[in-house]
Amino acid sequence: MASRGFFSVILHAFVFATVVTLGFSQLSPNYYDYSCPNALRTIKSVVEAAVQKENRMGASLLRLHFHDCFVNGCDGSILLDSSPIIDSEKNARQNNQSARGFEVVDEIKQAVDAACGKPVVSCADILAVVARDSVVALGGPTWEVKLGRRDSTTASRAAAEANIPLPTLSLSELITSFRIHGLDEKDLVVLSGGHTIGFAHCATFRGHIYNDSNIDPNFAQYLQSICPQNGGDENLAPLDSTTANFDVAYYSNLVQKKALLHSDQELFNGGSTDALVKQYSYNTQAFFADFRNSMIKLGNIQPLTGHQGEIRVNCRKVNC
Ligand code: HEM
Ligand SMILES: *[C@@H]1O[C@H](CO)[C@@H](O)[C@H](O)[C@H]1NC(C)=O
Ligand SMILES: *[C@@H]1O[C@H](CO)[C@@H](O)[C@H](O)[C@H]1NC(C)=O
């Protein structure tokens, strides 16, 4: 009897420890079902309205989740403004003058907190849901977003500059950048398909259209009319030929040597990723299925969970 009781205690302790560990280390799609049952529909309606008002906003919001997750995990760090204690990631060169959509995130945060009656939904989770809803609003695939990420109390411009890939990278550098974040070559090719929506500034593609030889000459000429050798850094060009639609045109553009960014054309330049690019260029179903899987992997990068971090009241500031 005594030994049975002893083993029972051990067993219960073990089961309890396992549940606690899993409960706090894993994200769950049902995380807010009790604390804020209207969270997801509230986020969706604000995203839909924002995309309706300005198509490109969907692209800008998807990009924010990527830039959040690549810097110390998906923890809302990208949203923090500069302050005496915060070295804002918004000032990193990959974000400065190009990351946008922050007012829409503020609007969503206010709407969600009003719907819940208190701040229970993290800014990091808002970005993950918003990325999915933006893709859906532009005609892309849907997926189940796991929730329960908590918000960072720090940010790092230096970490953002070191971790967010630059458009000047080579294929092998892109592969390394993704591998460091637990993403493989296939994830790189499929997530780069995020460039099926949105725009880039002249400063980010000037080198490709003037100095690279793996570009369709007519396409280069057309882009040179938008983006001069000197000046015009802020001028915009679409990342693919159907920039308002989430489709496979990005990949068929790469096959035709009509990539806007140097890094995009690297994915189809005689290397190991050519075959996959070609496959996606005529297989929407394959692209959508793989995009769904890779977005879930992206969203699971190193989240803060349990008692780590906090639930911010204002996505731009840490709680005091
Ligand atoms: C593979 C490495 C990547 C590089 C080097 C890269 C680089 C860039 C650059 C330079 C821009 C233009 C920014 C500007 O001038 O405003 C851009 C835009 C964008 N990126 Fe990426 N990106 C990468 C991967 C991704 C991924 C994985 C996603 C999402 C899944 C993504 C989503 C976007 C979107 C949607 C835009 C358009 C944003 C807008 O219109 O506001 N990118 N990217
Ligand atoms: C951001 O870009 C603006 C305009 O190009 C520039 O004036 C500013 O110095 C940049 N900020 C940082 C932190 O590099
Ligand atoms: C193009 O290449 C030339 C010669 O290497 C270089 O001086 C120039 O800065 C490059 N231009 C861009 C936009 O990268």
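The values are calculated or read from the model by the stated rules, or taken from the named source; none is laboratory data. It should be emphasised that the depicted structure is a prediction, and the values quoted were computed from it without experimental measurement. Positions of Cβ are generated from backbone atoms using ideal geometry, with glycine treated the same way; all protein chains shown enter the neighbour counts.
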Please find, within the stretch 235-256, the residue that is surrounded by the most Cβ atoms within 10 Å (Cβ to Cβ) out of those that are within 13 Å of PHE199 (Cβ to Cβ) and out of contact with any helix residue (DSSP H, G or I) (no Cβ under 7 Å at 6 or more places or on another chain).
THR243
Tally time: how many residues in the stretch 264-279 are under 13 Å from TYR250 (Cα atoms) and either outside the structural domain of THR196 (by TED's automatic domain parsing) or β-branched (Val, Ile, Thr) (or both)?
1
Within the set of pairs 6 or more residues apart or between chains, which connect a residue that is touching a residue at least 24 places away in the same chain (Cβ under 8 Å) inside the stretch 204-233 to a residue that is assigned to a helix (DSSP H, G or I) and within 16 Å of ligand 2 (Cβ to nearest atom) with Cβ atoms less than 6 Å apart?
CYS227/CYS202; CYS227/ARG206; GLY232/CYS202; ASP233/CYS202; ASP233/ALA203
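For the subset of the stretch 94-123 comprising residues that are within 16 Å of ligand 1 (Cβ to nearest atom) and assigned to a helix (DSSP H, G or I), which member is surrounded by the fewest Cβ atoms within 10 Å (Cβ to Cβ)?
Step one: filter the stretch 94-123 for residues within 16 Å of ligand 1 (Cβ to nearest atom), giving 94-105.
With assigned to a helix (DSSP H, G or I) added as a condition, the list becomes 102-105.
Numbers: PHE102: 17, GLU103: 10, VAL104: 23, VAL105: 22.
So the residue we want is GLU103.
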Which of the residues that make up the stretch 155-174 are touching an Asp or Glu at 6+ places or on another chain (Cβ under 7 Å) and assigned to a helix (DSSP H, G or I)?
ARG157, ALA160, LEU171, LEU174
Would you check which residues across the stretch 303-320 are in contact with a Cys (Cβ under 7 Å, 6 or more places away or on another chain) and surrounded by fewer than 18 Cβ atoms within 10 Å (Cβ to Cβ) and list them?
none
For the stretch 78-93, give me the residue count where each residue is crowded, with 20+ Cβ neighbours inside 10 Å and either within 11 Å of ligand 2 (Cβ to nearest atom) or assigned to a helix (DSSP H, G or I) (or both).
6
VAL51: within 13 Å of ALA128 (Cα to Cα) and not acidic (Asp, Glu), yes or no?
no
